[in-house]
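Inspection log for the structure reproduced underneath, given as structure tokens.
Nothing in this text is a laboratory measurement; each read-out follows from the coordinates by a stated rule. Keep in mind that this is a model prediction, so the values were computed, not measured. Backbone-built Cβ (ideal geometry, glycine too); neighbour counts: all protein chains shown.
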Amino acid sequence: MSISRAERRKEREPRVFALYGKDASAALDLLELLELAWHDCYGEITPADAVVDDALVLSEGTLSGLVLACRLAVMDWRDLRVAADHIRARP
């Protein structure tokens, strides 16, 4: 069952608000831009949830980090995964 971009945004809101606080709306906009770029590059409606999760992890709660993570996701999602896993492995 497919869901709309607005529904995906709504599902992501709690986590994004927890990470970005007052900048959450801008972060959600960036994730929407990621979806549009992903569709243009890969022909898929949206990246996998794991890709979005990796982008959020790599951003470490900053908008500038999210910009870089979203760009990396589109350029090569495997590099994004490696970078996010490196952060996850920190003690």
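Quick check on region 37-91: of everything there that is of a type in the set (Ser, Thr, Tyr) and part of a helix (DSSP H, G or I), which residue is surrounded by the most Cβ atoms within 10 Å (Cβ to Cβ)?
Checking each candidate, the answer is Ser59.
Which one of these does Ala18 not meet: (1) assigned to a helix (DSSP H, G or I); (2) in contact (Cβ under 8 Å) with a residue 12 or more places away in the chain?
Only one criterion is unmet by Ala18, namely (2).
Output the number of the condition that Gly65 fails; it satisfies all remaining conditions of (1) over 22 Å from Arg90 (Cβ atoms); (2) over 9 Å from the mean Cα position of the chain (by Cα).
(1)
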